[in-house]
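Note sheet for the following structure.
The values are calculated or read from the model by the stated rules, or taken from the named source; none is laboratory data. This one's a predicted model, so the numbers in the text were calculated from it and none came from an experiment. Cβ: placed from backbone, ideal geometry, glycine included. Neighbour counts: every protein chain shown. Please note that ligands, DNA and RNA were not included when accessible areas were found on the heavy atoms of the full protein model with its side chains. Shrake-Rupley method; radii C 1.70, N 1.55, O 1.52, S 1.80 Å.
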Amino acid sequence: MKKRRNQSTIKRVKKDQERFLEALEKSMGLVVHASDSCGISRTTHYIWMQKYPEYAERVRTITERNLDLAESVLLKAVKNEDLTAVFFYLNNKGKSRGYNVKEPNDDEGRKIEVIIKSPLSQQQENILELE
């Protein structure tokens, strides 16, 4: 009797895990949304992550796929010369080339405001010379 109950519990857990994984894919890996949509608590999800290596691996696969998607969108933006995307990409992927920009701080740890001005056009320089 106990063995039969244990087998039915295992089947139910596997079925619930499948439901949660489907919801996790639909929610782009956002656990709270997956939890709300399928009625399985986040706590249960995190327990499964620790207790079931196969489940944890499938969750990691979903996360990796979502990262791949986000990276492909970012690279499209870089190709379209979106400067925000270019700065983000270089700041995160170009560290070995010196592109890791950090906010400057003074000796006491306070942030220093840096203002970068673009070079003056020839017309602007001529106006300044006249003044």
> From the residues in region 26-50 that are surrounded by 16 or more Cβ atoms within 10 Å (Cβ to Cβ) and in contact (Cβ under 8 Å) with a residue 24 or more places away in the chain, which one is farthest from Glu71 (Cα to Cα)?
Replying inline: Ile40
>> Can you list residue pairs whose Cβ atoms sit under 9 Å apart, with the first residue in region 51-62 being over 15 Å from Ile10 (Cα atoms) and the second being of a type in the set (Lys, Arg) and assigned to a helix (DSSP H, G or I)? Count only pairs 6 or more apart in sequence or on different chains.
In response: none
> Does any residue of region 2-19 turn out to be open to solvent by 30 Å² or more (accessible area, probe 1.4 Å), touching a residue at least 12 places away in the same chain (Cβ under 8 Å), part of a helix (DSSP H, G or I) and within 24 Å of Leu69 (Cα to Cα)?
Replying inline: yes
> Which members of region 65-84 meet the condition of being surrounded by 13 or more Cβ atoms within 10 Å (Cβ to Cβ) and either modelled with pLDDT under 90 or in a loop (DSSP other than H, G, I, E, B) (or both)?
Replying inline: Asp82
>> I'd like to verify a number: residues in region 51-64 that are open to solvent by 100 Å² or more (accessible area, probe 1.4 Å) and part of a loop (DSSP other than H, G, I, E, B), how many?
In response: 0
